């Protein structure tokens, strides 16, 4: 089984040379040197408008076009004509919802997860505009000892399906709970139930923002229609990529691009303006970086190695937070406490009870000590935090420590040492 050479990994990220411990990676990863180099190269040598006939213009156009090949490989899309870019995952989902408006009928039903508002807000607003109905697939308790230990269960998704179900917008990984949703299993069961109920047309949108840094996306294997992730959480710059199945481009979406442009049934339908050219070209360095992690030069092998390394990061952190002493102290992990491949090393917790501590104060102690970056709050999964019971202060939210494959066990041990001191 492939393993990571952590020294070689860290050498690809110039920001890590400072020794600062980046443990807020679910909010945004550090940027690989190859991405930085391509952005600088683009701005230095090809920073012109696309489509011109002169040499630099043609080279610029070619470089931006290369971004689609990288995105298609990261999604495992069937064609480069199914992928595109935008400024953020939030904006892309909003654009998809706008383009879908003419295909929604009053009374259609949307099923959404209580997760990041990027994949919630656009559908709720679309429902309001079109008189559609929103149903919620919410995480439920999985532990009798910890009410905040919750997870999404496929068997609780299926009763939400009816003959009017038009769209299911789910997450592949929770940016609060850290748990992976079995997308292929959920979508297969969802489509089967929709068929049994007589639903005329159902499409599935998957938010992969919290998933993409940790596991390989496969839109074809999952049998989904829409998928989005943010490059800046997958070692790139501040932009995002989307997948739209060709059938949806042809039959569901109306163009929101300029009326005089002949965009056909291509992803340009979702781009009212051009993508950030230098950022798209920068994204072409993400796949080579990921493939360089193992000798196999293969994304599947690389993500397997990433997942295995992340288990070594997850173990010491979860073992400390779930130790009997910390549980007695009032520490409660928000999400599951399993140390296995069903979750990623994004760990959230609160301190409740007689000696409760505000999440803000715990993070403040880290900030005062310096050298380690973690955060507190609702992380735009506002509804998820607001619906937890016993109720939490949604603005204080949770303490979140989110790690990725360039973090080391030694860094995790330093984080645990500070936690031990703060919670004493």
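Quick notes
- Rh by Kirkwood over Cα pairs, then Stokes-Einstein D for region 249-298 at 1.306 mPa s and 10 °C, µm²/s: 118
- The mean sequence separation of alpha-carbon pairs under 8 Å and at least six residues apart, normalised by the residue count of the chain, gives a relative contact order of 22 percent.
- Here each label is just a point 7 Å from Cα along the line to Cβ, and for residue 265 and residue 341 those points are 3.7 nm apart.
- With R₀ set to 25 Å, the beta-carbon distance separating residue 258 from residue 48 gives a calculated FRET efficiency near 0.80.
- With viscosity 1.306 mPa s and temperature 10 °C, the Kirkwood radius over alpha carbon pairs of the chain converts through Stokes-Einstein to a diffusion coefficient of 71 µm²/s.
- Calculated SAXS-style log₁₀ I(q)/I(0) at q = 0.12 Å⁻¹ - region 44-289, Debye, Cα scatterers: -0.68
- Principal semi-axes of the equivalent ellipsoid, √(5λ) from the alpha carbon gyration tensor of region 144-235, are 24, 19, 10 Å from largest down.
- Here the calculated FRET efficiency for residue 324 and residue 414, from their Cβ-Cβ distance with R0 = 25 Å, stands at 0.65, rounded to the nearest 0.05.
- Mean projected area of the Cα convex hull of region 147-295, taken over all directions, amounts to 11.3 nm².
- Cα point-scatterer Debye curve for region 270-424, base-10 log of I(q)/I(0) at q = 0.09, 0.13, 0.17 Å⁻¹: -0.38, -0.73, -1.04
- Over region 3-93 - Rg/Rh using Cα atoms and the Kirkwood inverse-distance radius: 1.04
- Expressed to the nearest 5 percent, the antiparallel share of DSSP beta bridges inside region 116-239 is 25 percent.
- Efficiency of FRET from Cβ geometry, residue 58 and residue 361, R₀ 60 Å, rounded to 0.05: 0.60
- Within region 44-289, DSSP assigns beta bridges of which about 40% are antiparallel (rounded to the nearest 5).
- Rounded to 5, the percent of DSSP beta bridges in the chain classed as antiparallel: 55
Every number here is computed from the coordinates shown, using simple stated rules; none is lab data. Because the structure is predicted, anything quoted here is derived from the model rather than measured. Because the Cβ atoms are built from the backbone with ideal geometry, glycine has one as well, and the counts that use them run over all protein chains shown.
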